[in-house]
Every structure is written in C-alpha cells, then in structure tokens.
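These notes concern the structure reproduced below.
The values are calculated or read from the model by the stated rules, or taken from the named source; none is laboratory data. Predicted, not measured: the structure shown is a model, and the values here were computed from it. Glycine also receives a Cβ, built like all others from the backbone with ideal geometry; neighbour counts cover every protein chain displayed. All accessible areas refer to the heavy atoms of the entire protein, side chains included, with ligands and DNA or RNA removed. Shrake-Rupley method; radii C 1.70, N 1.55, O 1.52, S 1.80 Å.
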Amino acid sequence: MNYSRREFVKQGANALIVGLTLRNSALQVFAVEENVTRGVLPSPRSVSPNELDSWLAISSEGNVTVYTGRVDLGTGVQTSFAQVVADELDVPFEAVTMVMGDTALTTDGGKSTASSNSNRGQQPLIRAAAEARRVLLAQAANRLGAPVETLSVQDGIVSVQGNPSKKISYAEIIGNKRFNTRLKASIPPDNRGTMLEGTAPIKTGNFKLVGKSIPRVDVPEKVAGTWPYVHNVRIPGMVHGRVVFPSAPGATLITIDEDSVRGVPGVIKVVRKGNFVGVVAEREEQAIQAARQLRVTWSEGTRLPRDKHEWLRNAKKIKTEDTSRGDVVAGLAKAVKTIRATYKTPIQNHGMIGPSCAVADVRDGQATFWSGSQWIQGNRRDLAAMLGLPLEKVRGVWLEASGSYGRLACDDAAPQAALLSQAVGRPVRVQWMRQDEHAWAPMSPPTLADMQAGLDAQGKITAFVLEGWSPSHSSGESGNSVAWRLVGGNPGHTRLSGGLGGHAYDFENDRTTMHYVEELLRAIYMRGPGSYQTCFAIETFMDELAAAANADPVEFRLRHLKDPDSIAVIEAVAKNSGWQTAPPYSKKISNRRGTATGRGISNATTGRKAAVVADVEVNLETGKVRVTKAVIAVTCGRIINPEGMRHQLQGGLIQGLSRSLMEEIKLDQTRVTDSDWLSYPILRFPEIPEIETILIDRPDSEPDGVGETASIPAAAAIGNAIFDATGVRLREVPFTPFRLRQQQLERQR
Amino acid sequence: MKFALRVNGKLQSVDVAPETPLLYVLRNDLELDGPKFGCGLGQCGACTVILQDQAIRSCSMRVDAVGRREITTLEGIGSRGRLHPIQEAFVSEQAAQCGYCINGMIMTAKAFLDKNPRPAEPAIRQALAGNLCRCGTHLEIIRAVQRAAQTRSASPSGQSLKKRGTA
Ligand code: FES
Ligand code: FES
C-alpha cells in the first residue's frame with residue numbers, strides 16, 4: 001500500500017490520525033485508518049484494559065491488529081510481540097500489525113524499558129491472544145457443529161480434525177466485528193503495566209514462530225529512510241521551537257532582552273513562563289539562531305561539589321536500606337585476612353544519537369503531542385497537569401525516536417513543545433541541540449561503594465559487606481520534566497530506584513547497606529540502573545579477593561555459587577574463551593614499555609544471569625586500553641527471536657564497554673561542562689572488539705530482555721583484565737588512560 | 001534567497017537564507033527524511049549525504065556552498081520497493097537497532113565502496129570511524145558493508161552499486 005503524503009485533519013474523538021503528515025510512511029496507524037475506512041476493521045472503540053477489543057481486532061480479511069501501550073525502543077519488540085501473538089493465535093506472522101503507544105488507541109502499558117518489554121509488555125498480549133482464540137474456537141464449534149476439542153487451527157483457519165473440509169476462518173467468524181468479551185485486568189501501583197488474567201490455556205510448547213529469527217519488520221524502512229521517526233512529523237502549520245536552557249541547574253531567570261533577536265528573520269515569539277524560556281520561529285534554523293542569540297541573564301546556579309564521591313558520602317540522606325543474612329561481624333572475626341576497597345562510578349549520559357524531539361499542538365483547550373517517550377501515558381498525564389487541561393483533552397502519540405536506553409522514560413521535549421505551542425497557538429516542533437542533550441538530559445547518577453570481606457584459611461569468604469551511596473535513578477521521571485520544573489508547581493518524583501546491592505553468591509554472612517542521597521543532577525535509569533554500578537563493585541572486589549586467596553577467578557566464583565544459572569553462564573564463558581586457570585596477574589610484567597595483555601571475568605549479579613570474559617591489550621606507555629575480544633553468555637528465559645537477542649546482547653555489551661572505558665560527565669562549579677561528542681567520547685568502530693555470544697535457553701521460564709543484562713558485567717570484566725595484564729587495580733570507572741597511568745606510577749613508587 | 005539544487009537527480013528550487021545548513025533544507029524544504037540531525041557539529045555522521053562522490057556532513061555545509069554539485073541522499077540510492085544493494089545488505093545482516101545512525105552508515109559506506117570495491121575489514125572500520133552508533137550495532141554494520149562489497153564484486157557488471165547511485 002502506498003501512503004504517499006497523507007494529511008488527515010479530522011476532528012472529534014474518533015479521528016485516528018490527527019493532522020499527521022509523514023511522507024511515504026507505512027506507519028501502522030495508517031493501516032488501521034485505511035482498514036477502518038474501507039470497512040474491514042472495527043474502529044477502535046474503547047481504551048479499557050478490561051475489553052478484549054481494546055487489545056486485539058480481526059479484520060474481515062483475516063488481519064490481526066494488536067494494540068499496546070508498550071513501545072519499541074529500537075530493540076525490535078514490535079517484531080517479537082507480533083511473533084508471540086501470531087503463534088498464540090495460529091495466524092501467519094505477516095497477518096499481525098502492531099499499533100503501539102497512542103493514548104487514544106492503546107491502554108496504559110506502563111513504562112517501556114527494553115528489559116521489561118519482553119516480559120511485562122508481552123504478558124497481556126499473549127493473554128489477549130489466548131482469550132481471542134478461545135472465543136474464536138467456541139464460535140467455530142458452534143458454526144461447524146463440532147466440539148471444541150476436535151478443532152485445530154492453522155493460519156487462521158479452524159478445521160475439524162479428521163474432516164478437514166469442515167472449516168471456517170477467523171475472518172468469517174469475527175472479521176470486522178467486536179469480540180465484546182470482558183477480561184480481568186490488574187494494574188499494579190508501580191506503573192509497570194497492565195497484566196491480564198484469563199482462563200484460556202496458553203501455549204507452552206509446539207511453537208511455530210517463537211524461537212525463530214524472524215527478520216525485524218522495521219529494518220527495511222530504516223535503511224530506506226522511510227521509517228516514521230518522531231523527528232519526521234510534519235503537521236500543517238507547524239513551526240519550530242528551541243528551548244533556551246538556564247545557564248546552570250538551579251539558576252533562575254533575571255531578564256530577557258527581546259531586542260537581542262529583533263533582527264533574526266522568522267521569529268514568531270520569545271516565550272517565557274516562570275524560568276522556562278524558549279523561542280518559536282517559522283523555520284528550524286531561524287529558531288536555532290534566535291535561541292543562540294537571545295540574551296538572557298540568569299542567577300548563579302546551585303553549587304556543585306568538586307569531588308562528587310566525597311559529596312556522596314556526606315550528602316543528605318533520603319533513605320537507608322539495610323539487608324543482611326547471617327552475622328557479618330562474627331564472620332569478619334573468623335577471617336584470617338580482611339580486605340577493603342572503595343569503588344566509584346561516574347555520572348554518565350545516555351548519549352542518544354538523535355537528540356530529544358517532540359511535536360505538540362495545543363489549541364482550543366485540547367492538546368495532541370507526538371513523542372518518542374518510553375511511557376506515553378505517563379507523559380500525557382504530566383502534560384495535562386502542567387497545562388491545566390483535563391486528561392481526556394490530551395492525546396499522546398508515540399513514534400519511535402533514537403534509541404534511548406532509559407533516557408526517554410519521561411520525555412522532556414514534549415512538555416516544552418506544548419508550552420511553546422500554547423504560547424503561539426500553532427503546532428510546534430522542538431528538537432534539542434547536541435549540547436542540550438549532553439548537559440540537560442537526566443543522567444545516570446554517580447555511585448560510591450565501600451566493600452569489606454573476610455577470607456578464611458581455605459580461601460572462602462567468611463563475610464561480605466557492601467555500603468553504598470547514590471542518588472535515586474528516577475528523579476527525572478514523571479512529575480519532574482525539565483520544563484515543568486522551570487515553570488514551577490511540579491509535584492516532583494519521589495520513587496527511589498537504582499540502589500546498590502544484590503548478587504547471586506551464597507555467602508553465609510552478607511550485608512548490604514544502601515544510602516539513597518539527595519539529587520545531584522536530575523537522573524534517569526540507564527541500562528542496568530544501579531546494577532551496572534553494583535556489578536562493577538562486587539565483581540571487581542571478587543577479583544581482588546581471588547587474588548588475595550591466590551585463587552583462579554573462575555574457580556573462586558564457582559566456590560561461592562549455588563545458583564545454577566550463574567554457574568552455567570560462568571562455565572560457558574570460561575569454556576568458550578579457553579580460560580586458563582591461574583590467579584589474576586600471574587604472569588607479572590617486568591617491562592614498562594610496549595603492550596601487556598590480560599583477561600578478566602565478571603558475572604552479572606542482578607536480574608538475568610550473564611557472564612563476560614574480556615581480553616584486553618594495555619599500552620603501558622600511554623595507558624590506553626583496548627578490548628580485543630569479549631565472550632558473553634546469558635540465560636534469558638524462553639528465547640523469542642535468537643538473532644534479535646544476539647544483536648541486543650552485542651549492543652548492550654558494546655555500550656557497557658564504552659561506558660567503562662571512556663564515559664564520564666564532567667562538572668565545574670555549577671554546570672555540566674560536556675557539550676558534544678568530543679568532550680564526551682564514545683566507543684568508535686576501530687575500537688569495537690570481536691564478540692562471541694552464547695545464549696542459554698531456558699524454555700520453561702518467562703522471556704526476558706537482554707540489552708541491559710549485557711551492559712552490566714562490562715566494567716568489572718575489563719577492570720579485572722587490566723589488573724591481569726598489568727597488576728594495576730582500577731577502582732573507578734571509566735578506565736581512562738590518565739587513571740591507568742596514575743595508578744601505574746603510584747604502584748611504581 | 002533562491003537556490004537551485006540538484007538532489008537525487010532532480011532540480012529543486014528552494015528559497016532560504018544562504019547560510020542555512022543543507023541538512024535543514026533537505027529535511028524541512030524537500031521533506032527528505034533519510035539524513036538525520038544528530039549533533040549539527042560534524043561529529044556523528046547522522047546527517048551524511050553524498051555530494052558528487054564524497055560523503056559529507058550536511059549539517060555542516062551551507063546551502064550556498066553546494067553550487068551545481070549533485071546531492072544524493074539515502075532516498076536517492078534506493079527505495080523501499082527497490083533497495084540499493086548496500087541497503088539490502090543492511091537488511092540481510094539486520095544492521096539496525098534504533099536505526100537513527102543508519103543513514104550515515106549507508107551513505108558513508110556507499111561513497112567508500114565506490115572508491116574501494118574490495119576493502120579489508122580494518123579499512124571498513126576506519127572508513128566508518130567518524131560515524132557514531134549508540135545502540136552498539138557496529139558488528140552488524142561491518143558485516144553488512146562486507147556483504148555489500150562481496151555482492152558487488154560477484155555481480156557481472158561490477159558496477160551495480162555506482163550505476164544505481166545516481167538513478
Ligand atoms: S548531525 Fe551532522 S555530523 Fe552529526
Ligand atoms: S542503531 Fe541506534 S544509533 Fe545506531
């Protein structure tokens with residue numbers, strides 16, 4: 001079908017597509033619109049999680065449209081979702097169309113995170129498909145005059161076993177009609193998405209599509225340039241906005257000199273609301289120029305600490321959580337050797353390649369916005385509250401953005417576009433500039449971990465103690481968008497997340513104390529929030545303990561593990577990497593020139609189990625570290641799409657390597673000083689190692705995402721490999737050449 | 001100011017300020033969504049287009065500097081129904097996660113392969129060193145470029161990449 005240049009401007013609650021223009025787009029909602037208009041698909045009626053019709057519809061041509069509030073963050077879930085639904089319903093894969101994240105069409109899916117999508121996002125879809133199948137089979141039994149038990153389904157056609165001429169298709173049964181079937185939905189208070197209950201049996205085996213590497217539906221359009229990214233939205237009458245951010249976090253507006261942009265062509269308005277400042281212009285480059293040129297004076301911002309880790313230790317505590325097992329004091333008393341170490345991780349930026357972007361149209365007491373948000377419903381609630389509009393008057397439509405890795409858990413651009421649109425009475429597109437994304441995005445916060453453990457004469461851990469400090473990873477979430485904060489009156493966000501702690505080891509005496517401290521900079525989840533940092537501390541410490549016990553790091557870990565998945569992944573990477581048993585840094589280098597090589601292991605200690613063996617090459621003169629090879633193994637529950645999973649694993653691991661080797665947001669007294677890819681570099685093609693992936697299928701357990709699982713063990717694997725190569729122990733991420741050289745010199749003293 | 005641009009084989013006229021970055025003209029005036037805004041600083045490659053036979057960063061080129069030179073965007077090398085062999089290779093290798101960087105990868109690879117039909121792997125990495133990908137799709141992208149190079153050297157004309165490039 002060719003949707004060349006569509007412009008539907010319809011009014012009223014039933015309009016599927018509100019004023020959207022996407023050139024050449026095969027946007028799924030266009031397919032729905034087309035089918036409803038042609039009279040082959042029931043128009044989406046209610047957005048009630050308790051109605052089967054809100055989840056799934058079948059056209060008179062046998063196509064299945066699935067509605068979900070969950071969205072694809074570039075990880076390919078629209079393909080894997082369609083796979084599981086098609087399998088459950090016994091229809092061809094191609095028959096399924098996914099409609100994602102439109103508050104007028106889809107129920108609240110909760111926040112989409114790459115990892116939770118695969119389990120919590122998928123559950124209601126499988127359940128809805130199973131219920132639909134049950135209804136369809138009951139009706140088929142009626143129409144065919146045969147008991148349900150004698151029916152089988154293939155490719156959407158129900159037939160009587162032993163009498164295949166007696167058959168009826170799904171389309172004939174229900175095509176273009178509603179199911180009118182109630183479901184039982186439960187919405188957990190944590191906004192993690194609706195779960196559905198039902199009675200129909202759910203497939204547990206004999207899958208036709210689950211487990212197959214079905215090519216992703218989005219890739220052909222992505223390579224052709226026709227994929228409907230949010231950045232491509234054009235609406236008749238749309239103009240361009242840019243935000244003028246304060247000089248520093250916490251700075252308040254003193255004056256705006258509007259004369260400073262008098263000469264800029266196309267400027268429509270300089271917008272001010274509280275401390276929020278933005279400009280709107282006819283053209284994008286005009287808005288950019290005006291935003292640059294606008295003279296604004298700000299008060300000085302909040303003072304930022306010189307040493308953020310020292311600050312963490314003394315910062316205002318919000319909550320302390322204590323979990324323990326056994327008696328660590330007694331355990332330490334038994335030890336023949338006690339080891340302590342402190343580990344630090346930096347502030348990091350998600351680094352979306354495409355900066356935040358949204359379009360909003362706020363007019364006549366209603367608002368529509370298009371956003372790459374990871375939680376369009378949450379975004380909508382915030383936006384309605386900020387603008388003072390009733391919720392029903394606000395519609396949010398998700399369109400894919402640049403991969404966000406947690407960053408768009410609540411989009412910041414949409415509320416800004418809405419404020420600007422409200423001020424000029426026209427649809428406004430806002431895209432952040434690169435420096436905005438680097439300095440004003442919510443970050444992954446810094447962490448500090450003090451570790452202590454005792455070893456007995458046999459080299460077993462007698463006690464294991466972690467004390468951690470970190471701000472919450474969710475302060476930039478709903479209720480706390482940057483625009484709303486600047487406007488004032490936002491409720492803030494109080495949920496605490498990303499605490500340090502958690503591992504799979506079986507220590508007799510084990511204690512974790514986690515101090516959540518006040519916000520340093522606005523923060524948001526970043527792949528493995530808290531887990532990446534925890535894993536770095538625990539798995540580096542395990543390596544230090546292995547060295548102290550003069551034990552092989554693989555064997556030392558296995559000594560303390562009972563969890564079968566952890567053992568499986570460690571054994572798998574050891575085997576495939578050709579691990580040679582020896583304590584860390586056994587081959588002691590004598591030279592200070594040339595390169596040294598080493599290898600390290602790390603084991604993802606929270607969530608899904610993963611292990612990595614990394615090989616590194618360290619330039620002893622410059623301190624530059626190159627990861628030459630990595631082997632990663634994961635257990636991940638039932639695998640829906642093995643190739644898709646491999647890509648996710650590689651991607652997650654590469655991002656984890658990049659974070660560990662080079663990424664750190666730098667601050668001066670009041671602000672972030674990083675503004676681009678030169679000040680905040682990430683891993684590039686020549687530095688990408690060879691990666692071997694091992695998937696350990698657990699068909700009986702629920703599916704899970706792996707992108708974040710793969711990021712988590714990266715830091716410790718590299719750090720341990722650096723130690724193995726050089727005898728230098730790095731206890732602070734990232735492992736920059738400077739840090740390595742510094743530690744080398746320290747050691748040589 | 002009026003400019004006549006040769007884009008994807010067509011002559012297009014636009015009326016914009018001379019210092020306007022080419023990227024905004026392509027995206028906003030000509031509605032070509034292939035090139036993307038990533039940094040506006042020439043650092044990431046998301047905005048890459050081909051100018052004559054050079055991969056350039058359209059965010060960092062003023063529209064008045066283009067002159068009569070031919071601009072090719074992602075849309076100009078292939079379309080959904082008729083993908084260019086490099087695009088096909090990206091599909092075969094499933095070389096896209098979010099895909100935001102992919103325009104730059106394909107356009108950079110095209111200009112590179114047109115000059116280096118049988119590159120070794122390290123040369124491919126070097127050619128793409130200025131293009132950033134945050135999803136970690138690098139290994140798939142490298143394989144896609146290798147595959148495209150192989151397809152091309154296997155094709156009888158050996159020129160298929162180039163010919164369709166200006167179609
Ligand atoms: S947008 Fe042009 S190089 Fe980044
Ligand atoms: S695929 Fe997402 S940035 Fe490359």
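When the accessible area of the range A:43-153 is split by element with a 1.4 Å probe, what percent falls to carbon and sulfur?
Using a 1.4 Å probe with all protein chains present, the range A:43-153 comes out at 48 percent carbon and sulfur.
Return the residues of the range B:46-91 for which accessible area with all protein chains present is lower than in the chain on its own by 30 Å² or more; set the probe to 1.4 Å and exclude ligands, DNA and RNA.
B:74, B:80, B:91
So for A:336, A:217, what's the accessible-area order with a 1.4 Å probe, most first?
A:336, A:217
Measure off 7 Å from each Cα along the Cα-to-Cβ vector at residue A:138 and residue A:50, then give the distance between these two points in nanometres to one decimal.
1.7
What fraction of the Cα pairs in the range A:135-239, stated in percent, has a spacing above 23 angstrom?
Of the Cα pairs, 60 percent sit more than 23 Å apart.
Mind giving me the FRET efficiency for residue A:563 and residue B:154? R0 is 60 Å, r the Cβ-Cβ distance, nearest 0.05 is fine.
About 0.75, to the nearest 0.05.
Let me confirm one metric for peptide A:206-219, namely the mean number of other chain beta-carbon atoms within 10 Å of its residues' beta-carbons.
2
Sorted by mean Cβ packing within 10 Å, highest first, what order do the peptides A:718-725, A:406-413 take?
A:406-413, A:718-725
Taking a probe of 1.4 Å, how large is the accessible area per residue of the range A:119-179, in Å²? Mind showing how you got there, number by number?
On the way: 2710 Å² over 61 residues.
On a per-residue basis, 45 Å².
Residues of the range B:98-142 with accessible area at least 30 Å² lower in the all-protein-chain context than alone (1.4 Å probe)?
Residues of the range B:98-142 that lose at least 30 Å² of accessible area once the other chains are added: B:98, B:100, B:125, B:129, B:132, B:134, B:135, B:136, B:138, B:139, B:140.
What list of ³J(HN,Hα) couplings, whole Hz, do you get for the range A:73-78 from phi and the Karplus terms 6.51, -1.76, 1.60, once you set θ to phi - 60° and write x for glycine and proline?
Along the range A:73-78, the couplings run 9, x, 9, x, 6, 5 Hz.
Lys and Arg at +1, Asp and Glu at -1: add these up for the other residues within a Cβ distance under 13 Å of residue A:325 and post the number. It would help to have the intermediate numbers written out before the result.
Details: positive: A:511; negative: A:322, A:327, A:506, A:508, A:510.
Around residue A:325, the surrounding residues sum to -4.
Under 17 Å from the Cα of residue B:110, which aspartates and glutamates turn up, not counting those fewer than eight places away in the same chain?
Correct list for residue B:110: B:53, B:70, B:75, B:88, B:93, B:121, B:140.
Can you grab the distance from the C-alpha centre of the range A:372-389 to the C-alpha centre of the range B:17-33, Å, no decimals?
About 31 Å separates the Cα centre of the range A:372-389 from the one of the range B:17-33.
Which Cα, out of B:85, A:529, B:21, lies furthest along the positive dipole direction of the protein assembly as shown (beta carbon charges, K/R +1, D/E -1)?
Value computed over the given set: B:21.
Any chance you could run the full-extension gain for residue A:259 through residue A:178? It's 0.36 nm times the residue separation minus the Cα-Cα distance, nm to one decimal.
23.2 nm
In whole Å, what are the extents of the range B:85-154 along the principal axes defined by its C-alpha atoms, from largest to smallest?
Cα spread of the range B:85-154 along its principal axes, largest to smallest: 30, 23, 17 Å.
Roughly speaking, to the nearest percent, how much of the range A:332-489's 1.4 Å accessible area is carbon and sulfur?
47
Using alpha-carbon positions, what is the distance between the centroids of the range A:61-95 and the range A:445-523, in Å?
Here the answer is 36 Å between Cα centres.
For the range A:5-228, give the share of DSSP beta bridges that are antiparallel, in percent and rounded to the nearest 5; count only bridges with both residues there.
The antiparallel proportion sits near 75 percent.
Per-residue Cβ counts within 10 Å, from other chains only, averaged over A:639-649: what number is that?
Details: counts 0, 0, 0, 0, 3, 2, 0, 3, 10, 3, 1.
Shielding by partners across A:639-649 averages 2.
If you take the accessible area of A alone, add that of B alone, and subtract the area of the pair, what total do you get in Å², probe 1.4 Å, to the nearest 100?
Rounded to the nearest hundred, the buried surface is 4900 Å².
Using 0.36 nm per residue, how much length does the chain from residue A:701 to residue A:324 gain when fully extended, once their Cα-Cα distance is taken away?
Here the segment from residue A:701 to residue A:324 would lengthen by 132.9 nm.
Looking at this model, which pairs from A:393/B:36; A:111/A:344; A:587/A:624; A:317/A:337; A:629/B:115 are more than 22 angstrom apart at the alpha-carbon? Write down the numbers at each step before the final one.
On the way: A:393/B:36 32 Å; A:111/A:344 29 Å; A:587/A:624 20 Å; A:317/A:337 32 Å; A:629/B:115 30 Å.
Over 22 Å apart, Cα to Cα: A:393/B:36; A:111/A:344; A:317/A:337; A:629/B:115.
Under 15 Å from the Cβ of residue B:16, count the other residues' Cβ atoms, weight Lys and Arg +1, Asp and Glu -1, and hand me the total.
Here the count lands on -4.
Summing +1 for each Lys or Arg and -1 for each Asp or Glu, what net charge is found among the other residues whose Cβ lies under 11 Å from the Cβ of residue A:516?
With Lys, Arg at +1 and Asp, Glu at -1, the neighbours total +1.
What is the distance, in nm, between label points placed 7 Å from the Cα along the Cα-to-Cβ direction at residue A:310 and at residue A:595?
Result for the modelled spin labels: 3.8 nm.
Let me see the pair-distance distribution of the range B:2-76: every alpha carbon pair, 5 Å bin width, integer percents in order.
3, 19, 32, 30, 14, 2
Just the number: Rg to Rh for the protein assembly as shown, Cα atoms, Kirkwood Rh, two decimals.
0.97
Please average, across the residues of A:68-74, the number of beta carbons from any other chain that are within 10 Å of each residue's own beta carbon, and give a whole number.
Average neighbour count from other chains, rounded to a whole number: 2.
Taking the mean number of other Cβ atoms within 10 Å as a proxy for protection, how do you rank A:378-389, A:137-148 from highest to lowest?
A:378-389, A:137-148
Between the range A:136-156 and the range A:598-660, how many Å separate their Cα centres?
48
Can you give me the % of accessible surface on the range B:2-76 that is carbon or sulfur? Probe 1.4 Å, all protein chains present, nothing else counted.
Carbon plus sulfur share of accessible area: 46 percent.
Rounded to the nearest 5, what % of DSSP beta bridges with both residues in the protein assembly as shown are antiparallel?
75
Just from its helices, what would the mean residue ellipticity at 222 nm be for chain A, if runs of 4 or more DSSP H residues each count -39500 (n - 2.57) and the sum is divided by every residue, rounded to the nearest 500 deg cm²/dmol?
Counting only the DSSP helices, I get -8500 deg cm²/dmol.
Between residue A:165 and residue B:116, take the C-beta separation as r, use R0 = 41 Å, and let me know the FRET efficiency to the nearest 0.05.
Details: r = 61 Å, r/R0 = 1.49.
Plugging the Cβ-Cβ distance into 1/(1 + (r/R0)^6) gives 0.10.
State in Å² the accessible area per residue of the range B:3-132; use a 1.4 Å probe, count heavy atoms of protein chains only, and round to the nearest integer.
34
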